[in-house]
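Participant: Sharing a structure here in structure tokens format.
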Amino acid sequence: MSLLDKPVQEPQPAPPPLRRNRDFLLLWTGAGLSLLGLRASVAAYPMLMIFYEGSAAGAGMVAFAALLPQLVVQLPAGAMIDRWDRRRLLIVCDLAGLLAMAAVAGSLAAGRLWLPLVMTAAFVDGTAGLFYRLAERAAVSHVVHPAHLSSALGQNEARGQAAGLLGQPAGAGLFTFGRWTPFAFAAVTHVVALWTLLLIRKPLQGERAAPAGSLRAEMAEGIGWVWRQRFMRAAVGLIAGSNLIFQVLPLTLALIVKENGGSAMTFGLIGLVAGLGGVAGALAGSRAAGRARPSVVLAGSLSVWAALMAPVAFTTDPYVLGALLAGMSFAGALMNVVAGVHQVRITPEPMQGRVTSVFALLGSGMASAGALAGGVLLTAFGTDSAALGAAAAMGLLALVAVVAPALRDPAGLPVRSPRSEEAGEEVPARMARSEEI
């Protein structure tokens, strides 16, 4: 057959814009409302226990119950998401969260507060939220065109930043109208999220074979897959280290504000500015993903964190502190999006849940250890030394990110060039470099 005899391929029509993707909008909206309800209830727990019960110990126990799923459920959740039907799992998560929050709201509306009930509800809702986030992350690629994956994950990150930004004032504001209202609000968000899930038409996963091994074996398989990826292994180690170091900062800022006569409102405003920086970084990340090399973004974010942490030791101005924290939040959110897009693209579909759970476990585990270490450092050395020490440690990680061979040359990893993205094709890293930043 000559070249003239070959059939001419018709150009593929461009996919409709993401704002017209009905299934993505339903998933994005439902998950966002569910996350907002979770953030509002988490913000209300300490107020409930301290202002209503007068028990700081009770507040600590409830906070522990809410955070415990991040450490004990993370890896099993990833394996279960890769085994079970994702749509049904998301529905079960919303039902579990709805029942937990409705139980707390009903108990408080009746004038009763029972600590074991609140702790159980916090654990159940936290577990449901964890499953929900992992399952939704794995499902996004099934409801959007490959050309829109970066934008979709960027919008998800921006939504998470916005939920964190609005959750605290929403929980506090609702609490002033009634002790039960934040939890009733959380229950309503689960109802709306459940409704949006039922309206989604596209499947949320690909074809799957029956599980061949035990749950423990599948968790080990996910850990092993991450470990065998040279670039990912090095990157996740640096990200885990940065999470540990970064936890020193919120405690340092809170202590600086308190020592200089500031109020909780001052600290809240600093957090608000930081949240806006995070939203902006998430939106920027959706444009950078697929164009910027993950190794460059990782090294750049660590460098920005190191550069902005050091001035914290030399200022007490809340506006300056807010601007510094906003810059750090911008860099962190941008890195989250770029890293998230890269991870989704290179991870086999049947392992999406397990691989994501490995990264999440390392992040939450290091964050917990970092908060503990931050308290010890601040007690022993004070705010100035703690901030400078954190900046120096972050700078060391940035240096490692620049010189480490595995991060400097992630050859062979599948990345997408901006043009190949529209066709859903993967190209080798060396071929795509000319189109990357």
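Values in this text are rule-based calculations from the coordinates and carry no lab data. Since we're looking at a predicted model, the values are computed, not measured. Ideal geometry is used to build each Cβ from the backbone, glycine not excepted, and the neighbour counts take in all protein chains shown.
Participant: Divide, for segment 181-260, the radius of gyration over alpha carbons by 2.2 N^0.38 Å, where N is the residue count. Don't skip to the answer; put the middle values down first.
Facilitator: Values: Rg = 21.5 Å, N = 80, 2.2 N^0.38 = 11.6 Å.
After normalising by residue count via 2.2 N^0.38 Å, the value is 1.85.
Participant: Now, a different point. Which whole-number percent of Cα pairs in segment 18-206 have a distance greater than 27 Å?
Facilitator: 27 percent
Participant: R112 label point, 7 Å along Cα→Cβ, cut-off 17 Å on backbone N: hits in segment 58-100?
Facilitator: 100
Participant: Continuing with this model, one more query. Could you put S41, S357 in order, starting from the residue whose Cβ has the fewest other Cβ atoms within 10 Å? Show your work: numbers first, answer last.
Facilitator: Numbers: S41 32, S357 29.
Final ranking by Cβ density, sparse to dense: S357, S41.
Participant: With r as the distance between the Cβ atoms of L272 and D384 and R0 = 30 Å, compute the FRET efficiency 1/(1 + (r/R0)^6) and round to 0.05. The partial results should precede the final answer.
Facilitator: On the way: r = 25 Å, r/R0 = 0.83.
In this case the efficiency is close to 0.75.
Participant: Cα gyration tensor of segment 20-129, axes a ≥ b ≥ c as square roots of the eigenvalues: rounded (a/c below 1.5), prolate (a/b > b/c) or oblate? Can you show the working numbers first?
Facilitator: Details: a/c = 2.34, a/b = 1.70, b/c = 1.38.
In terms of gyration-tensor shape, prolate.
Participant: Just in segment 104-143: which trypsin sites (Lys or Arg not before Pro) are loop by DSSP and have at most 10 other Cβ atoms within 10 Å? If you can, show how the numbers build up before the last one.
Facilitator: Details: sites: R112, R133, R137; in loops: R112.
Listed in order of number, the matching sites are R112.
Participant: Using the Karplus equation 6.51 cos²θ - 1.76 cosθ + 1.60 (θ = phi - 60°), what ³J(HN,Hα) coupling, rounded to whole Hz, does each residue of segment 100-117 give in order, writing x for Gly and Pro?
Facilitator: Using θ = phi - 60°, the values come out as 5, 6, 5, 5, 5, 4, x, 5, 5, 4, 7, x, 10, 10, 10, 4, x, 5 Hz.
Participant: If every alpha-carbon in segment 216-374 counts as one equal scatterer, what log10 I(q)/I(0) does Debye give at q = 0.16 1/Å?
Facilitator: -0.93
Participant: Right, something else. Got a sec? How would D85, D94 order by Cβ neighbour count within 10 Å, fewest to most? Each step should come with its number before you reach the end.
Facilitator: Values: D85 15, D94 24.
Fewest-to-most ranking of D85, D94: D85, D94.
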